[in-house]
Structure formats: structure tokens, C-alpha cells
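Here the structure comes first, spelled out in C-alpha cells, and everything after it is commentary.
The values are calculated or read from the model by the stated rules, or taken from the named source; none is laboratory data. Owing to the predicted nature of the structure, the values given are computational and were not obtained by experimental measurement. Cβ coordinates were reconstructed from backbone atoms using ideal geometry, including for glycine residues, and neighbour counts include every protein chain displayed.
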Amino acid sequence: MNAKDFVNGKDFSSSKGFPVGRTIIEFSNADFKQTEFVEDDGKTKLLNQVTIKVNGQAEVFNVPISVMRKIQEAIALNAAGVEVNRQGTTKNDTKYVSYILDQSGKIIK
């Protein structure tokens, strides 16, 4: 399909992963949603996304399944949030380590 038809009505500005390093998702201030994404081969897949404040600005990040599992676990524990630590910058070398946080921001073991 031509470029004009392909980009019509799609939002490409929010398709990014967490930055390298530490990101905190506070559940009281986070907004989660699922959005459809059309891959290069034309297949559509659902992406989990979260909108959080970063330096006072609303930022939208794609949330990998491993982090969503940790968020699900945190919700079951009535936690306040999740700390996400990203290492790597490419699809092949990126690793996420997530921690559940209590109300004071301390890691729940």
C-alpha cells in the first residue's frame, strides 16, 4: 500500500520501549491500554502500553510481556508500583528486570 494510505489514522509517536536504565511505574498515576500495531509483514498484533509522567511530561511506553506479568503480580499484592530496569538497546540484547514496590517505594521481596 502507498505511504499516504499506510500512515493515515495511525499513531507512530508512541511506539517506543522503556529507556535504558530505571523507570518507575506508580499505579496511582499510570494509564494502561492495549493498541494495535501493524508489523512490516502486514500482521496486526496487540501491544500493551502505559502512559506515565517522565520529567513532568506524559510519555507512552510499550510494555513487554515479562513486565506485564510483574505488574499483574504487583497488583495481586496491592503494591504501589513496579520498578523496570532495562539493559540493552536492541531487540536481541535487551533484558528487563522488574521489582515490585511498596507504598514507600521500597522493593517487596
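Looking at the stretch 72-86, is at least one residue in a loop (DSSP other than H, G, I, E, B) and among the basic types (Lys, Arg)?
As a first pass, look at the stretch 72-86 and keep what is in a loop (DSSP other than H, G, I, E, B): 77-80.
Pick out the ones that are also among the basic types (Lys, Arg) and you get none.
So far as the stretch 72-86 goes, no, none of its residues is in a loop (DSSP other than H, G, I, E, B) and among the basic types (Lys, Arg).
Condition first: assigned to a loop (DSSP other than H, G, I, E, B), modelled with pLDDT of 85 or more and either of a type in the set (Ser, Thr, Tyr) or touching a strand residue (DSSP E or B) at 6+ places or on another chain (Cβ under 6 Å) (or both). Now tell me which residues in the stretch 1-46 satisfy that.
Step one: of the stretch 1-46, the residues assigned to a loop (DSSP other than H, G, I, E, B) are 1-2, 8-20, 30, 39-43.
The next check asks that each one be modelled with pLDDT of 85 or more; those that pass are 17-20, 30, 43.
Within the stretch 1-46, 17, 18, 20, 30 qualify.
The rows are residues; the columns are (1) free of Cβ contacts under 8 Å to residues at least 24 places away in the same chain; (2) under 16 Å from residue 23 (Cα atoms); (3) not hydrophobic (A, V, I, L, M, F, W, C).
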residue: 57; (1), (2), (3): yes, yes, yes
residue: 61; (1), (2), (3): no, yes, no
residue: 64; (1), (2), (3): no, yes, yes
residue: 83; (1), (2), (3): no, yes, yes
residue: 87; (1), (2), (3): no, yes, yes
residue: 92; (1), (2), (3): yes, no, yes
residue: 95; (1), (2), (3): yes, yes, yes
residue: 108; (1), (2), (3): no, no, no
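Do you know which residues across the stretch 15-41 are among the polar types (S, T, N, Q) and surrounded by 13 or more Cβ atoms within 10 Å (Cβ to Cβ)?
First, the residues of the stretch 15-41 that are among the polar types (S, T, N, Q): 15, 23, 28-29, 34-35.
Residues satisfying the conditions are 15, 23, 35.
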